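Worksheet: one structure, shown below.
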Amino acid sequence: MSNAVELTLGDDGILVATMDLPGRPMNVVNDTLMQGIAAAVTRLAEPAVKGLILTSAKADFCAGGDLDRMSMWTTPEEPFAAANAMKAVLRQLELQGKPVVAALNGHTLGGGLEIALACHARIALAEPRLKIGQPEVKLGLLPGGGGTVRLPRLVGIQQALQIMGEGNDISPDKALGMGLITATARDHDELMAQARAWINANPKARQPWDLPKFRFPGGDSRSPAIAQLFSVAPSVASAKSWGNYPAIQHILSAVFEGGLLGFDQASVVESRYFAACAMSQQSKNIINTLWYQLNAIKKGASRPAGVAPSKVQKLGILGAGMMGAGIAHVSAKAGIEVVLLDTTAEAAERGKLQSQALLDKAVKKGRSTAEKRDALLARITPTTRYEALQGCDLVIEAVFEDRSIKASVTKLAEAQLTAATVFASNTSTLPITGLAQASARPSQFIGLHFFSPVDRMPLVEIIVGRQTDDTTLARAFDFVLQIGKTPIVVNDSRGFYTSRVFGTYVMEGITMLKEGVHPRSIEVAGLQAGMPMPPLALMDEVSLSLSLHVAEQTKKDLAAASSGAGQAYTEHPGMAVVRQLCEIGRVGKKVGKGFYDWGLSSESSGKVLWPELTHHFPVAATQPPQQELIDRLLFAQANEAARCFEEGVLRSVADANVGSIFGWGFAPFHGGALQFVNAMGAAAFVKRSQELAQKFGPRFAPATVVVQQARSGGRFTD
Ligand code: NAD
């Protein structure tokens, strides 16, 4: 007997079933919850019961499927059976001949919405923060609890495909407008009163699809308009996903086939596609990284234990340029007082104006209010005076990428700070241990590497210098969570983790150009590999001159270090191309020309590949297979990530995977740069790496750690 759903029968004959899954912060769909709902269905059959209200005692109505249960499935029979079992209960619920109302008191997502769809009416609290939707696709899954069957029958095939194919959250107002819910209520009392009233007004409620004259709103799969929709929908989906997300195809298939079949047959078809999704490697990869590993990070897996939690009240930022201003914005948004310092009052003020511009846009779009904007801006104090830093818990420097300037601002700031203040650098390339030499307290010196644009990028890479202590790391970690970003923690190294691995992707694409691969094939390979932006376009965005500058700085640094006995500098073969383009002034997007001509075309992207590119880098008569290009782009990154792991730059597999997806967009369906190796298996990875190394050079030689895994049957785990 399940205790997940409490049943209370009122004097009015209305049974209230309150979901409250024991031991869980949220209601999730699993056997325990479904047993509780099944018990409610049994009670509903009793003659004294007039109708049922299904609601929740938790903050949410129901958050979706239980991923812990799903991750235990090893054969397709298990998800198939689980989906059928859930559907059997929901079918009984809607076929009792008595009204059932879902009272949506909080988020209603995934399996939660599927439960609500099996009720005859859905009434939601009219709170804009309340999320309604079918986000399964984002985990490589499809709604397997009847969603692909009921949604198209309720709101029409086109709208249902959009809801399930995009997986976005829908607010109660919008859900009401599209007919997804029946009504909204201002507060909990009104919610329950409306639910009771609905039951009293509809004593013999039936679902529209169980009425004899039922027609799909907008037509079923046979209707000309919908047939036309299905003739283009797969290619539209593919244009975005490049076929890397089978769940999208499966959703289309389930809805199309379901639109030709009766309710019960459509339900079985859905269970089959659900099983295919649940067994897919893509779904396992996404759930592994963007659920389990991300949660582990957020719970502090990479934070030193035993250091008391901390909060930043006052933050100092040195340098009000693009990054400094961005960091000021996100910190002020989190309620932190910010001192934004630059060399001139105008520069400091300009940094604050960057925040104002973002906020004005948000107010205009209705995402914020003038009061919130003004309150946030009041927390940012632009200044040129170092004395204003007094009382800061944390100072982040984001001045020019120049060692001597960074050293000078470090000293000036520290003169104003107490012993307890943490000092962080937002450098993207300079090793932290070296920068810490300018500090009087190198144990409190750390790297906080933000990504651009700061307000949109979710990751911060925390770099632990050789002398950084645990308290400093814990405080930096707490700060990153405080501003709502995801922290990964890495040890100090040239390029740290993210810049180092990201560079291999871009440089591999550029190397292909040098070899005579058609530039369009290179760019398409990047997208086919699952990367958000193709390599040549990305290099233009980052700027070729910056990349050349970093390479030359690295060469100088290594030469200086190896005057004793240090590392030799090995130039990436793609760097010659970068140099060549820089010499003719094609340094990237910032000057309107690089691998692309920018801002010239009427295409939405506003860029076209530079027509002269193939004169400078003639296209070879024989072009390689596209899969080889894709492999090169992905193996270059995965292998470099594995090297970061074996060198101890990476401290955890979770940080490696989440950092790769959030930091530079490594193909999410592969689950991150190290999960790519795990999913393929070390032996297969080593074999393909060796083939690539033989053909394209030693940079593809498999990392020793993976070679050892191949021998021992190991994999990357935390
Ligand atoms: P930027 O040129 O936009 O801003 C630098 C700011 O520092 C300017 O406003 C400048 O006036 C100010 N500044 C220079 N010397 C100063 C001094 N002595 N005292 C106070 N202010 C001074 O540069 P940015 O892109 O914001 O980069 C800043 C830092 O962040 C660099 O270390 C860079 O490597 C790093 N970073 C940049 C990115 C990026 O995408 N741009 C990403 C991550 C990290």
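The values are calculated or read from the model by the stated rules, or taken from the named source; none is laboratory data. Computed from a predicted structure; not experimentally measured. In this analysis, Cβ positions are derived from the backbone assuming ideal geometry, glycine residues included, and neighbour counts consider all displayed protein chains. Please note that ligands, DNA and RNA were not included when accessible areas were found on the heavy atoms of the full protein model with its side chains. Shrake-Rupley method; radii C 1.70, N 1.55, O 1.52, S 1.80 Å.
With respect to the stated conditions, A474 fails to be within 16 Å of the ligand (Cβ to nearest atom) and small (G, A, S).
Taking each residue of region 347-369 that is without any contact (Cβ under 8 Å) to a residue 24 or more places away in the chain and looking for partners that are acidic (D, E) and within 16 Å of the ligand (Cβ to nearest atom) with beta-carbon atoms closer than 7 Å, six or more apart or interchain, yields nothing. In region 424-447, the residues that are in contact (Cβ under 8 Å) with a residue 40 or more places away in the chain form Cβ pairs under 7 Å with partners that are among the aliphatic types (A, V, I, L, M) and open to solvent by 10 Å² or more (accessible area, probe 1.4 Å), at six or more places apart or across chains, as follows: N426/M323; N426/A398; T429/V550. Just one of the listed residues (T369, T381) is of a type in the set (S, T, Y), away from the ligand (no atom under 16 Å from the Cβ), on the phi < 0 side of the Ramachandran plot and open to solvent by 40 Å² or more (accessible area, probe 1.4 Å), namely T369. Here V395, V399 are screened, and the one residue that is hydrophobic (A, V, I, L, M, F, W, C), near the ligand (Cβ under 10 Å from one of its atoms) and touching a residue at least 60 places away in the same chain (Cβ under 8 Å) is V399.
Residues in region 5-52 that are touching a Cys at 6+ places or on another chain (Cβ under 9 Å) and within 13 Å of K98 (Cα to Cα): 1 in all. Against the numbered list (1) in contact with an Asp or Glu (Cβ under 6 Å, 6 or more places away or on another chain); (2) open to solvent by less than 40 Å² (accessible area, probe 1.4 Å); (3) of a type in the set (A, V, I, L, M), M575 comes up short only at (1). Residues considered: L536, L546. Of these, the only one that is under 30 Å from L613 (Cβ atoms) and away from the ligand (no atom under 13 Å from the Cβ) is L536. Return yes when V338 is among the hydrophobic types (A, V, I, L, M, F, W, C), touching a Leu at 6+ places or on another chain (Cβ under 7 Å) and surrounded by 19 or more Cβ atoms within 10 Å (Cβ to Cβ) and no when it is not. So V338 fits the description; yes. How many of the residues in region 435-455 are outside any loop (DSSP other than H, G, I, E, B) and more than 14 Å from the ligand (Cβ to nearest atom)? Summing the residues that are outside any loop (DSSP other than H, G, I, E, B) and more than 14 Å from the ligand (Cβ to nearest atom) in region 435-455 gives 7. Going through (1) open to solvent by less than 30 Å² (accessible area, probe 1.4 Å); (2) at pLDDT 95 or above; (3) within 16 Å of the ligand (Cβ to nearest atom) one by one, P458 falls short only on (1). So, in region 591-609, exactly how many residues are part of a helix (DSSP H, G or I) and modelled with pLDDT under 90? Matching residues across region 591-609 total 0. When restricted to residues that are surrounded by fewer than 24 Cβ atoms within 10 Å (Cβ to Cβ), out of contact with any helix residue (DSSP H, G or I) (no Cβ under 7 Å at 6 or more places or on another chain) and without any contact (Cβ under 8 Å) to a residue 60 or more places away in the chain, region 171-186 contains 5.
If you check A348, A320, A308, A332 for being crowded, with 20+ Cβ neighbours inside 10 Å, modelled with pLDDT of 95 or more, away from the ligand (no atom under 16 Å from the Cβ) and among the hydrophobic types (A, V, I, L, M, F, W, C), only one passes: A332. If only residues of region 407-434 that are among the aliphatic types (A, V, I, L, M) and assigned to a loop (DSSP other than H, G, I, E, B) are counted, the one that is nearest to the ligand (Cβ to nearest atom) is L430.
Taken over region 37-69, the criterion of being over 24 Å from D264 (Cβ atoms) and either assigned to a helix (DSSP H, G or I) or open to solvent by 20 Å² or more (accessible area, probe 1.4 Å) (or both) is satisfied by R43, E46, P47, A48, K50, A57, K58, A59, A63, L67, D68, R69.
Of everything in region 478-491 that's more than 20 Å from A332 (Cβ to Cβ) and either of a type in the set (D, E) or open to solvent by less than 10 Å² (accessible area, probe 1.4 Å) (or both), which residue is nearest to the chain's Cα centre (by Cα)?
I488
Being out of contact with any Phe, Trp or Tyr (no Cβ under 9 Å at 6 or more places or on another chain), open to solvent by 20 Å² or more (accessible area, probe 1.4 Å) and at pLDDT below 95 is the requirement here; does T418 meet it? When the stated conditions are applied, T418 passes them. Restricted to helices (runs of 4 or more DSSP H) entirely inside region 224-286, those with at least 3 residues that are open to solvent by 60 Å² or more (accessible area, probe 1.4 Å), aliphatic (A, V, I, L, M) and under 30 Å from A525 (Cα atoms) are 224-241. Of all residues in region 157-170, exactly one satisfies the criterion of being over 24 Å from the mean Cα position of the chain (by Cα) and either open to solvent by 70 Å² or more (accessible area, probe 1.4 Å) or at pLDDT below 95 (or both), namely Q158. Within region 670-693, the residues that satisfy the criterion of being open to solvent by less than 10 Å² (accessible area, probe 1.4 Å) and either polar (S, T, N, Q) or not in a helix (DSSP H, G or I) (or both) are G671, G672, S689.
Residues that are more than 14 Å from T32 (Cα to Cα) and either open to solvent by less than 20 Å² (accessible area, probe 1.4 Å) or of a type in the set (A, V, I, L, M, F, W, C) (or both) within region 71-82 comprise M72, W73, P79, F80, A81, listed in sequence order. I want to confirm something. Restricting to region 287-305 and keeping residues that are among the basic types (K, R) and either open to solvent by less than 10 Å² (accessible area, probe 1.4 Å) or assigned to a loop (DSSP other than H, G, I, E, B) (or both), which single residue is nearest to the ligand (Cβ to nearest atom)? Restricting to residues being among the basic types (K, R) and either open to solvent by less than 10 Å² (accessible area, probe 1.4 Å) or assigned to a loop (DSSP other than H, G, I, E, B) (or both), the top hit is R303. So P203 ticks every box in (1) surrounded by fewer than 20 Cβ atoms within 10 Å (Cβ to Cβ); (2) in a helix (DSSP H, G or I) but one. Which box is left unticked? In the conditions (1) surrounded by fewer than 20 Cβ atoms within 10 Å (Cβ to Cβ); (2) in a helix (DSSP H, G or I), P203 misses (2) alone.
Restricting L142, L154, L113, L130 to those that are in a helix (DSSP H, G or I) and either closer than 23 Å to S241 by Cα or open to solvent by less than 10 Å² (accessible area, probe 1.4 Å) (or both) reduces the list to L113. Going residue by residue through region 392-413, is there one that turns out to be under 28 Å from the mean Cα position of the chain (by Cα) and either charged (D, E, K, R) or more than 23 Å from K485 (Cβ to Cβ) (or both)? Among the residues of region 392-413, at least one is under 28 Å from the mean Cα position of the chain (by Cα) and either charged (D, E, K, R) or more than 23 Å from K485 (Cβ to Cβ) (or both), which makes the answer yes.
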